[in-house]
1. Do you know which of the residues in the stretch B:281-298 that are exposed (fewer than 12 other Cβ atoms within 10 Å of the Cβ) and more than 20 Å from B:ASN221 (Cα to Cα) is nearest to the chain's Cα centre (by Cα)?
2. Just to be sure before I move on: is A:TYR257 over 18 Å from the mean Cα position of the chain (by Cα), among the aromatic types (Phe, Trp, Tyr) and more than 18 Å from A:GLY59 (Cβ to Cβ) in the structure I sent?
3. Quick check on the stretch A:215-223. Is at least one of its residues surrounded by 23 or more Cβ atoms within 10 Å (Cβ to Cβ), on the phi < 0 side of the Ramachandran plot and hydroxyl-bearing (Ser, Thr, Tyr)?
4. With the stretch B:198-273 as the region, which strands (runs of 3 or more DSSP E) entirely inside it contain at least 3 residues that are outside the structural domain of B:GLY62 (by TED's automatic domain parsing) and closer than 23 Å to A:ASP120 by Cβ?
5. Identify the residue in the stretch B:2-13 that is closer than 21 Å to B:LEU316 by Cβ, facing chain A (nearest Cβ under 8 Å) and outside any helix (DSSP H, G or I) and, among all such residues, is modelled with the lowest pLDDT.
6. Would you say B:PHE23 is surrounded by 24 or more Cβ atoms within 10 Å (Cβ to Cβ) and of a type in the set (A, V, I, L, M, F, W, C)?
7. Mind listing just one residue for me: the one in the stretch B:80-91 that is touching a helix residue (DSSP H, G or I) at 6+ places or on another chain (Cβ under 7 Å) and over 13 Å from B:GLY129 (Cβ atoms) and, of those, farthest from the other protein chains (Cβ to nearest Cβ)?
8. Being modelled with pLDDT under 95 and buried (at least 21 other Cβ atoms within 10 Å of the Cβ): is that true of B:VAL117 here?
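The values are calculated or read from the model by the stated rules, or taken from the named source; none is laboratory data. All values derive from a computational prediction rather than experimental measurement. As a convention, Cβ positions derive from the backbone with ideal geometry for all residues, glycine included, and neighbour counts pool all protein chains shown.
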2 protein chains.
Amino acid sequence: MSDRITLGHGSGGRLMHQLLDEFKKVFDLPGLEDAHEIEDRIALTADSFVVKPIFFPGGDIGRLAVTGTINDLAMKGAIPRYLMITYIIEEGFPIDDLVKISESAQKIADEVGIKIVGGDTKVVEKGKGDGIYITTFGVGIIPDGISLSTDRIEPGDRIVINGPIGDHGVAIINAREGFGLATDLKSDCAPLSQLVQEMLKVGGVKFMRDPTRGGVATILNEVYQETGYGIIIVEEELPIRPEVRGACELLGIDPLYVANEGKVIAFTKGDPGDIIRVMRQNRYGGGSCCIGRVEEDLDGVYLKTRIGSLRPLIMLSADPLPRIC
Amino acid sequence: MSDRITLGHGSGGRLMHQLLDEFKKVFDLPGLEDAHEIEDRIALTADSFVVKPIFFPGGDIGRLAVTGTINDLAMKGAIPRYLMITYIIEEGFPIDDLVKISESAQKIADEVGIKIVGGDTKVVEKGKGDGIYITTFGVGIIPDGISLSTDRIEPGDRIVINGPIGDHGVAIINAREGFGLATDLKSDCAPLSQLVQEMLKVGGVKFMRDPTRGGVATILNEVYQETGYGIIIVEEELPIRPEVRGACELLGIDPLYVANEGKVIAFTKGDPGDIIRVMRQNRYGGGSCCIGRVEEDLDGVYLKTRIGSLRPLIMLSADPLPRIC
């Protein structure tokens, strides 16, 4: 391990996992999830956001921060209740933009019914930040009877997603670098707590994660590492917009490693037909489908290609796109 | 109000209050306190830390972040229970320093018995940060029967503090600017939750605040604004180390506006003798004393000088020392 922090340490992937191992030596942290259950079925989560640019097609850093925190809670099956928001602002940042970002944050909070109860603001000198960084903290309540864990995953379980892969990362990189690719493409940034509660009512959901940093492939590798069960996803079934596929080809990256901000990957028991039908009724679930399954005698995560071969999807050392969230 | 963020917006004082007013238009936030009580006597708090330098006499940003969060909870009378910690790290930051800071954070958490349950790490490019910024979130439980509020403050109440004023701010500015002033001076950075619980057991405490950004004078002004009651503090009674007084004279600032990180100001009913005796037994209360009282027919906050005159202590537009926490 290098003795200095690199951008790769901050993106999903192997470098970040190495850094987490360092933290675990100090902090005695729990496992894989982004939210943590404490006593009395209370879930907590914390996330910092350094996305660049701050305003992007489909959202801004305020919407992203509240959404990200809601989604981390939702993945534990928790109903989001309270949120705190802190700003680290670079001197010279326009107050109008600060108000716009705050309004975006409040709008998403209102949509989901999470209450913003406080926060903090710090200012740093010009050149010691980059506009604004936001950190959000969420508290949710896990309803009785909900228990989501990789421990419950078994061979034969299906893997379900609620729509197209890679929109957020490609929208950000397009806005940031001005490639002019896929100009109509928007981030998928959306709060999923209501969708998730509807899925849980159907039953059969064993574990959920939002494929943010590191994308779908990284989440699947994390599950493989936790459970020891192999995973196969099917190329033909993957929902990927043509413009995302095209942009990724031009950039030389794989959409399966690109961040999403409005997607849930769920591991379900047996046939997920009923769950998918319910998901498709939700405003954020129109593109829901089954993309793969958990396998008994297989080591690793694989993509079954259109010609029937199995291509390994390893954990990359880092997300190919830094500062995506 | 200027249309851009200045350093002053991030320090305690009038500019920060103006910015808070802007946020209140968007967020519907509660009042004065740094921690917020939600249902079931649960207190939440959030704070970002951008102190410069990261390592300073008496602590580092890790110790400061955990201490600050513990103290915000303590001021509500809450027993600190859970903490989350997030890092925004500048590319190139030494991993050894990251480990040292994390160990400092864990050490303070262990002292108080607060459990660090998770966090997040983001990395930004060289030149888009300043080493490391930390944001911490705390959850505490407010014991039954505890109710601290400015609503309870009345004329005749005494104002108590647990020791010398201004150590943190002067230690930081000395370390940062290399003035070579007061070289033995350390930050007072210390977790006060145990001290506060001992004070609450004595009874008679109506309201507490930690005089961080903006210092003692700013906190007293906030209380004056909330209650409408004037306040007089007595110069002769103020515990200020000679080296802090000397440094402040050289810098042209008033120690009453300098940040502290291990101090509590308590408003108590009547004679605070019993409380002060208990405070002095605590490792962080050796210098406890009464510094003033709440007055009925007085507008504003005043310092009674050694010659008996009343000098107004107004709310400054900003803390004189930026990036102090």
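1. Per the criteria, the residue is B:ARG283.
2. Judged against the criteria, A:TYR257 is not a match.
3. Yes.
4. The strands (runs of 3 or more DSSP E) meeting that bar are B:205-209.
5. B:SER2
6. It is false that B:PHE23 is surrounded by 24 or more Cβ atoms within 10 Å (Cβ to Cβ) and of a type in the set (A, V, I, L, M, F, W, C).
7. Ranking the qualifying residues of the stretch B:80-91, first place goes to B:PRO80.
8. Judged against the criteria, B:VAL117 is a match.
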